[in-house]
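The values are calculated or read from the model by the stated rules, or taken from the named source; none is laboratory data. All of these numbers come straight from a predicted model, not from anything done at the bench. So basically every Cβ, Gly included, is an ideal-geometry build from the backbone, and we count neighbours across all protein chains shown. SASA here: full protein model, heavy atoms, side chains in, ligands and nucleic acids out. Shrake-Rupley method; radii C 1.70, N 1.55, O 1.52, S 1.80 Å.
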Amino acid sequence: MPREREMPRRSGEAAVSTFAAGHDPTRPQPAATDAGDDRPCLLVDDDPLLLRHLAATFRSHGYGVLTANTGREALRILSERRPAFVLLDIGMPDLDGLRLLAALRQYHATSDLPVIMLTARTGKEALLGALDRGADEYVTKPVVPDELVARVRDVLASRT
């Protein structure tokens with residue numbers, strides 16, 4: 001999938017503010033032609049190798065896939081599309097996943113979006129921080145692909 005032009009660099013807080021200002025929940029969303037419920041998933045991780053592996057895993061299970069290497073890129077995608085769910089890394093250099101999750105929960109159009117956190121952080125503090133901010137699930141790395149897909153399906157099934 002070709003990349004769109006690079007967004008100007010902004011701090012994490014400015015990127016969240018831009019998302020809030022530019023996100024119009026009444027604007028119609030573009031039609032999607034991906035698998036599943038006709039909406040792709042959004043995978044967000046700053047590790048390109050892991051991101052490719054995750055994308056291949058979800059595609060092999062019939063999901064359409066959008067990817068983002070940074071929190072800012074994820075915000076840009078989310079301002080244009082509503083994915084079926086977001087798989088979100090916590091530790092990213094530009095805008096960490098917990099701040100991005102908090103921003104998603106704050107805005108009406110994304111407040112109910114299923115979000116599964118994916119992280120190398122295994123401590124209770126990271127888990128509780130993610131769940132307190134509204135994460136639907138918390139998966140630690142290294143991840144077993146079939147287990148991850150099963151957890152995503154459980155989250156999505158619990159929402160119907």
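A few points about this structure:
- Residue selected from the stretch 131-152 under the condition of a type in the set (D, E, K, R) and surrounded by 12 or more Cβ atoms within 10 Å (Cβ to Cβ), by the criterion farthest from Q106 (Cα to Cα): K141
- For first residues located in the stretch 106-122 and under 16 Å from L50 (Cα atoms) and touching a residue at least 12 places away in the same chain (Cβ under 8 Å), partners that are among the aromatic types (F, W, Y) and assigned to a loop (DSSP other than H, G, I, E, B) and lie 6+ apart or on another chain with Cβ distances below 9 Å form the pairs I116/F85.
- Residue in the stretch 116-129 that is open to solvent by less than 70 Å² (accessible area, probe 1.4 Å), of a type in the set (G, A, S) and within 14 Å of the chain's Cα centre (by Cα) present: no
- A55 vs. criteria under 18 Å from P142 (Cα atoms) and either buried (at least 17 other Cβ atoms within 10 Å of the Cβ) or over 12 Å from the mean Cα position of the chain (by Cα) (or both): yes
- Only one of the numbered conditions (1) open to solvent by 30 Å² or more (accessible area, probe 1.4 Å); (2) touching a strand residue (DSSP E or B) at 6+ places or on another chain (Cβ under 7 Å) is not met by H108, and that is (2).
- Pair list, Cβ < 6 Å and 6+ apart or interchain, from the stretch 135-159 residues that are within 14 Å of L51 (Cα to Cα) to residues that are open to solvent by less than 30 Å² (accessible area, probe 1.4 Å): P145/T57; L148/V139
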